[in-house]
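In what follows, a structure is listed as structure tokens, so that the remarks can point back to it.
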Amino acid sequence: MIDVLLAPFTYDFMLRAILVTLVAAVACALLSTWLVQMGWSLMGDAVSHAVLPGVALAYILGLPFALGAAVFGIGAVALIGGVRAASRIKADAAIGVVFTTLFALGLVIVSVTPAETDLQHILFGNVLGVSDADIAQVLIVGAIVCVALLVLRRDLTLVAFDPGHAHAIGLRPRLLHAVLLGALALTVVTALQAVGIILVVAMLVIPGATASLIAVRWDALLAWSVGITVAASMVGLLGAFWLDISPGGAVVLSQGLAFGLALLFGPRRGLVIRWARARRHAVDGG
Amino acid sequence: MSGTAAHDAIVVEGLGVRYGDVRALDDVTARIRSGRITGLVGVNGSGKSSMLAAILERVPHEGTVRILGRRPAEARRAGLVASVPQAESVDWDFPVTVRDVVTTGRFGRMGLLRIPRAADRAAVADALELLGIAELADRQIGELSGGQRKRAFVARAIAQDAELLLLDEPFAGVDRSSEARIVSVLRGLRERGRTVVIVHHDLSGVAELVDDVLLLRGRLLHQGPPEEALSPERIAEAFGAGAAGER
């Protein structure tokens, strides 16, 4: 039995997959706390899709994927702001127009690129086949994102909670928003290898949303978000190994399952807790 | 009018705010004196909150603003300005405790990581005590009543120990006991030479609290002590004919 449980850890490709997935998941989990609390989940969706043409062009030009993704991720954010300012359409519509257009541009570039296999991996992830260069890129970019977010976490949280006070005490909310969006573009790069562009948004939203059902303090929110995503990533990867299913899909499914459990049993707003409280209230009152 | 006298906390000249095609505030020139409580009074939509936002440079504006003789950005960076937001602008479900909120008042005195030192923790504890919410310090902010929430934000401003405090509708949705506590704290600030500016949309209790009134209705109708600015004729001009008896 122990041999069966430990079997995944005897394969080099699984150890690489675990390393890449955990680094990506932790970066996504930290970022997701702010994205969810600030109502920026859709921005996560937008940036994760908008980087596709950047990644495709980087592939064609032989440049690091991170460079192409960062340029198009940040460019997408600027474009969304520009479309809003020029047309005065609402934010969700501007986001929808820009990210679908850029994603479509990426699909077109992929379709005319000779070796499509690698780019298909960008769409759906290829965590079982990561190269040394991929691992180095994920570790470096993931470390930059995690350190930046942790160092600035109190300022970022203040800007998310009360931008007026942040401004009044001399912080620069716009600069901190730019830091978050830059971190978002870079985080997408780390998560591409693990789950692919299409499922990145899950890793950028589910951990923060799950933790918000449990924690009442920001540091606890960060800890829960990271803890949940690490546990779900391990369950997903090992499940994928044993059941021979898509690892990216399994990781995200595990995160979705964790959210479901928190929704039911979370101490802050769990449905079971609320039902028990209401029942106790009714019994006491009756 | 030009320059800032030593007794001026805020000087605005030709201040105007426009949202798209809508002009919220037009050509306000005024001096707000230091060491006093000044009320920005007017009906909803009269430009009070826009004036506060322009003073803080949170919205694009016309005209010039000086805070304690400095440009607003300099004054903010120097920690001279504290603000208390309207209740509607806060996400009460946000995962922060009352102590967390009050501690943010000390951020300007902390290092990059914003780790509180002993002096910061003491200032936060004192502010919580002063506002009578020390026992609520570890509750999530949204678990408090409207009055207690407002006390928490005033406690944050007290912990910040700024020269100038700007409050946007501090008594809206606040119970009597919280209102009395906040008024007492604001008067204490005035006694210590601090400047307080309050946005207020109704007339009840204004005259007893403030030293000066800026009466607004898209522009400055009048500035002066309450007994002068809140005369029946001026109230009728600012609030409409039916409001003169409310004071």
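Net length available on complete extension from A:R279 to A:I89 is 63.8 nm, with 0.36 nm assigned per residue and the Cα-Cα distance removed. Between B:S145 and B:R121, the distance separating the two model label sites (each 7 Å from Cα on the Cα→Cβ line) works out to 3.1 nm.
How high is the relative contact order of chain A, given as a whole-number percent (alpha carbon pairs under 8 Å, six or more residues apart)?
About 27 percent, as a whole number.
Evaluating kT/(6 pi eta Rh) at 25 °C and 0.890 mPa s, with the Kirkwood radius of the range A:8-285 over Cα pairs in the Stokes-Einstein relation, gives 127 µm² s⁻¹.
In a GNM of chain B with a 10 Å cut-off on Cα contacts, which of B:A155, B:A73, B:A87 has the highest mean-square fluctuation? Judging by the Gaussian network model, the answer is B:A73.
Each residue of the range B:1-134 gets 158 Å³ once the volume of the Cα convex hull is shared out per residue.
Amide H contacts of B:H222 (H built 1.01 Å from N, in plane; Pro and chain starts excluded): B:L215 sit under 5 Å, all sequence-distant by 5 or more or on other chains.
Over the residues of chain A, the helix contribution to mean residue ellipticity at 222 nm works out to -27500 deg cm²/dmol, using -39500 (n - 2.57) for each DSSP H run of at least 4. In the elastic network of chain A, a GNM with C-alpha springs shorter than 10 Å, the most mobile of A:A232, A:A143, A:A183 is A:A143.
If I model the range A:123-267 as equal point scatterers sitting on the Cα atoms and use the Debye formula, what is log10 I(q)/I(0) at q = 0.13, 0.14, 0.16, 0.19 Å⁻¹? So the normalised log intensities work out to -0.65, -0.74, -0.94, -1.20. Computed from label points 7 Å out along Cα-Cβ, the spacing between B:R192 and A:A231 is 4.5 nm.
In whole Å, how far is the Cα centre of the range B:104-159 from that of the range A:119-168? Here the two parts' Cα centres lie 30 Å apart.
In order along the range B:44-49, the phi-based Karplus estimate (6.51 cos²θ - 1.76 cosθ + 1.60, θ = phi - 60°) of 3J(HN,Hα) comes to 4, x, 7, x, 5, 5 Hz; Gly and Pro are listed as x.
Take each residue in B:86-92, count the other chain C-beta atoms within 10 Å of its C-beta, and the mean is 2. Taken residue by residue and averaged, Cβ atoms of other chains lying within 10 Å of the Cβ of B:72-79 number 3. Taking amide H as placed 1.01 Å from N in the peptide plane, B:G47 has its amide H under 5 Å from the amide H of B:G218, each at least 5 places away in sequence or on another chain.
Among A:52-61, A:198-207, the peptide with the highest mean count of other Cβ atoms within 10 Å heads the list, and the full ranking is A:198-207, A:52-61. Under 5 Å from the amide H of B:G39 lie the amide H atoms of B:I198, B:D211, B:D212, B:V213, B:L214, each residue being 5 or more positions distant or on a separate chain, with H modelled from the backbone and absent for Pro and chain starts. Taking only the C-alpha atoms of the range A:3-145, the Rg (one decimal) and the largest Cα-Cα distance, Dmax (whole number), read 17.1, 62 Å. For A:F9 and A:I245 in the same chain, what is the full-extension length gain: residue separation times 0.36 nm, less their Cα-Cα distance, in nm? Contour length minus the Cα-Cα distance gives 83.2 nm.
Taking only the alpha-carbon atoms of the range A:75-206, what semi-axes of the equivalent ellipsoid follow from 5 times the gyration tensor eigenvalues under a square root, in whole Å, largest first? Please list the in-between numbers first.
Numbers: eigenvalues 182, 97, 22 Å².
Result for the range A:75-206: semi-axes of 30, 22, 11 Å.
Of the trypsin sites (Lys or Arg not before Pro) found in the range A:57-150, the ones in coil according to DSSP and having at most 13 other Cβ atoms within 10 Å of their Cβ are A:R88, A:K90. Shielding of peptide A:144-155 by partners, expressed as the average count of other chain Cβ atoms within 10 Å per residue Cβ, is 2. Among A:G96, A:G208, A:G39, which one shows the biggest mean-square fluctuation in a GNM of chain A, springs joining Cα atoms closer than 10 Å? For chain A, modelled as a Gaussian network with Cα springs under 10 Å, the answer is A:G39.
A:S131 to A:L107: extension gain in nm, 0.36 nm per residue of separation minus the Cα-Cα distance?
Details: separation 24, 0.36 × 24 = 8.64 nm, distance 2.37 nm.
Once the chain is fully extended between A:S131 and A:L107, it gains 6.3 nm.
Take B:46-55, A:216-225 and order them by the average number of nearby Cβ atoms within 10 Å per residue, most first; the result is B:46-55, A:216-225. Taking all Cα pairs closer than 8 Å and separated by 6 or more residues, the relative contact order of chain B comes to 27 percent. Among the trypsin sites (Lys or Arg not before Pro) within the range B:93-167, those in coil by DSSP and having at most 16 neighbouring Cβ atoms inside 10 Å are B:R117, B:R139. By the helix-only formula, in which each DSSP H run with n ≥ 4 contributes -39500 (n - 2.57) and the sum is divided by residues, chain B has a 222 nm mean residue ellipticity of -9000 deg cm²/dmol. Residue-wise HN-Hα couplings along the range A:208-213, as the Karplus relation 6.51 cos²θ - 1.76 cosθ + 1.60 with θ = phi - 60° gives them from phi, are x, 5, 5, 4, 5, 7 Hz; Gly and Pro carry x. With the alpha-carbon atoms of the protein assembly as shown aligned to their principal axes, the span from lowest to highest coordinate is 85, 59, 45 Å, starting with the largest. Couplings 3J(HN,Hα) of the range B:157-163, computed from phi: 5, 5, 4, 5, 6, 7, 6 Hz, in residue order, whole Hz [Karplus 6.51 cos²θ - 1.76 cosθ + 1.60, θ = phi - 60°; x for Gly and Pro]. Based on C-alpha pairs under 8 angstrom that are at least 6 apart in sequence, the range B:103-247 has a relative contact order of 16 percent.
Laboratory data are not the source of any read-out in this text; all were calculated from the coordinates shown. Quick caveat, the model's predicted, so the values are computed rather than measured. Glycine also receives a Cβ, built like all others from the backbone with ideal geometry; neighbour counts cover every protein chain displayed.
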